Amino acid sequence: MLPHATQHKIENIVSGIIIEGQADHCTAIRNSLCRRFATSTTVKENFQGKSIIKKEQANFIEAYCDEHNLWVTNLPGEDRYLTRGGEARIYLHPDNRNVVKLNDAIYYATWLEFLNSILLHNIFFENTSYTLKGFIKDEGVLLAVLEQPFIIFDAYVDLLDIKRFMEFNGFENTRRNDYANLELGLILEDMHDENVLVSSETLFFIDSVFYTISPAQLHNRILPM
């Protein structure tokens, strides 16, 4: 059972309500977007139709970066390059304790959905929390610059352990490696062995894709397994 304060924060994220009492860049930009754009309650639908909204939000973020000096200029060099995931290029931080991820939010219809997903990840997976350092533009494409602890795994994850962890946090397995929380209106996808690592018998969720949707709509979407 999640603490009441945590559950209330999640409900605010899903509902597009301003989050008070946090000064990090991710929350600040997310709150600013919420004042102008509605939080999506559809999942991976009408990407093309939302492309205009995503572009408007990108323009808003660029203006925000100009105003608040959030353009990142000190990125790791190519000698620190590690790999590329589905939506991010990943580099080893100079401190050798973190990674730097350059994320283009391609899995999300809008930038607000992406920022909501980052905040949700940090709530559920504190030991691999993201820190939004700012943004860059690469060949005209806006990329978020994220830092995250560098995890060296010592065992392969058992998918059943992932399922147990997710069920403990109120999620049910809807199909394969996808989960949903009917009460909170959350969908979490692709919880497989490349996105969850094991170190010292502890699970580390290093990559997650959360989508927010109203609980009523979510209930109608989920088919019995």
Would you confirm, using the coordinates I've provided, whether Tyr108 is hydroxyl-bearing (Ser, Thr, Tyr) and either on the phi > 0 side of the Ramachandran plot or assigned to a helix (DSSP H, G or I) (or both)? no
Residue set Asp161, Asp193; condition charged (D, E, K, R) and either in a loop (DSSP other than H, G, I, E, B) or within 30 Å of Asp66 (Cα to Cα) (or both); output residue Asp193
Go through the stretch 130-168 and report how many residues are among the small types (Gly, Ala, Ser), touching a strand residue (DSSP E or B) at 6+ places or on another chain (Cβ under 7 Å) and without any contact (Cβ under 8 Å) to a residue 40 or more places away in the chain. 0
Cβ pairs under 7 Å, 6+ apart, first in the stretch 71-97 and not assigned by TED's automatic domain parsing to the domain that holds Cys26 and surrounded by 15 or more Cβ atoms within 10 Å (Cβ to Cβ), second of a type in the set (Val, Ile, Thr) and part of a loop (DSSP other than H, G, I, E, B): none
Of Asn122, Asn195, Asn173, which residue is touching a Lys or Arg at 6+ places or on another chain (Cβ under 7 Å) and surrounded by 15 or more Cβ atoms within 10 Å (Cβ to Cβ)? Asn173
Scan the stretch 140-156 and give yes if some residue there is of a type in the set (S, T, N, Q) and touching an Asp or Glu at 6+ places or on another chain (Cβ under 6 Å), otherwise no. no
Residues that are modelled with pLDDT of 95 or more and part of a loop (DSSP other than H, G, I, E, B), drawn from the stretch 41-72: Asn69, Leu70, Val72
Could you check how many residues of the stretch 125-142 are surrounded by 21 or more Cβ atoms within 10 Å (Cβ to Cβ) and aliphatic (A, V, I, L, M)? 1
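The values are calculated or read from the model by the stated rules, or taken from the named source; none is laboratory data. Note that the structure is predicted; figures quoted are calculated from it, not measured. As a convention, Cβ positions derive from the backbone with ideal geometry for all residues, glycine included, and neighbour counts pool all protein chains shown.
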